[in-house]
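Below you'll find the structure, written out as structure tokens, and then a few comments.
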Amino acid sequence: MSYKRIMLKLSGEALSKAGAFGINHSAVLHVAEEIQSVTKKGIQVVVVVGGGNIWRWRDTTENGIERTASDAMGMLATIMNSVGLQSALDSLGVDTRVCSAINVPQLAEPYIRRRALRHLEKGRVVICAGGTGNPYFTTDSAAALRASELQCDALLKATNVDGVYDKDPHEHPDATLYDSLTYDQAIAQGIRVMDQAAFSLCMDQKLPIRVFNFGTEGNLLKAASGKDIGTLVSD
């Protein structure tokens, strides 16, 4: 059976051309069309998108910008991505709201849990921007937090590979794909598809994580429909 409400965690790179920075119209429209296919099935969608296509602290440590300022720039990058994705969804007739942890009233609503829940109940896609609003927390942690707050049935982690492997499949052709993992196994093995804080929060809240290849058309709908694709991380 389909989930009633899902959290979709996207990397910022999903909105750009492969190997490039910035926002690419075709890539954003593809993401919007995949989300639209889910909403047409009556599944409520929350989205958290990263900002790595615009700014990422670990890739810019040599520029001398200290961590908290750099993280603030990254959170602003997620707002840019969220507004761009909202525009693409609006163009497809999908009613969408951007709810930001950082106060930018000209661009987005403030994130207020009850308001976000009401949007979802009305069939609107809710894009949670600005991370958690705090430095030192990744957008993976933001996705786990918002998914827990908004009572999502699952966190769907979009990647560019088919799921979680025992080693990097781009570097090791013999890498083995896991069908499933427990939270404890994911944390103990240092699985890097999400950060450890996000895994821990999902484990505490018993929130299942489905890691899947977003690049394959229709995979998001399959994942949102509870199909057995990618890797499931759960109890």
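Summary of values
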read-out: Region 1-21, residues that are in a loop (DSSP other than H, G, I, E, B) and either at pLDDT 95 or above or crowded, with 19+ Cβ neighbours inside 10 Å (or both); value: Y3, K4, S11, S16
read-out: Failed item, numbered, when N160 is tested on (1) of a type outside the set (D, E, K, R); (2) under 18 Å from A14 (Cα atoms); (3) under 11 Å from the mean Cα position of the chain (by Cα); value: (3)
read-out: When residues of region 93-110 are limited to those that are part of a strand (DSSP E or B) and touching a residue at least 24 places away in the same chain (Cβ under 8 Å), the one farthest from G42 (Cα to Cα); value: S100
read-out: Region 30-62: number of residues that are at pLDDT 95 or above, more than 15 Å from L8 (Cα to Cα) and part of a helix (DSSP H, G or I); value: 0
read-out: Selection count where residues are part of a loop (DSSP other than H, G, I, E, B) and either among the basic types (K, R) or touching a Lys or Arg at 6+ places or on another chain (Cβ under 6 Å) (or both), scope region 157-193; value: 3
read-out: Candidate set from region 111-139 (those that are part of a helix (DSSP H, G or I) and of a type in the set (A, V, I, L, M)); member that is nearest to V38 (Cα to Cα); value: L120
read-out: Residue match in region 32-48 (condition: surrounded by 23 or more Cβ atoms within 10 Å (Cβ to Cβ) and within 18 Å of V161 (Cα to Cα)); value: no
read-out: Residue selected from region 125-148 under the condition among the hydrophobic types (A, V, I, L, M, F, W, C) and surrounded by fewer than 24 Cβ atoms within 10 Å (Cβ to Cβ), by the criterion nearest to the chain's Cα centre (by Cα); value: L145
read-out: Single match in T231, T138, T176 (criterion: hydroxyl-bearing (S, T, Y), in contact (Cβ under 8 Å) with a residue 60 or more places away in the chain and over 29 Å from K41 (Cβ atoms)); value: T138
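The values are calculated or read from the model by the stated rules, or taken from the named source; none is laboratory data. All of these numbers come straight from a predicted model, not from anything done at the bench. Note: ideal-geometry Cβ built from the backbone for every residue, glycine included; neighbour counts use all protein chains shown.
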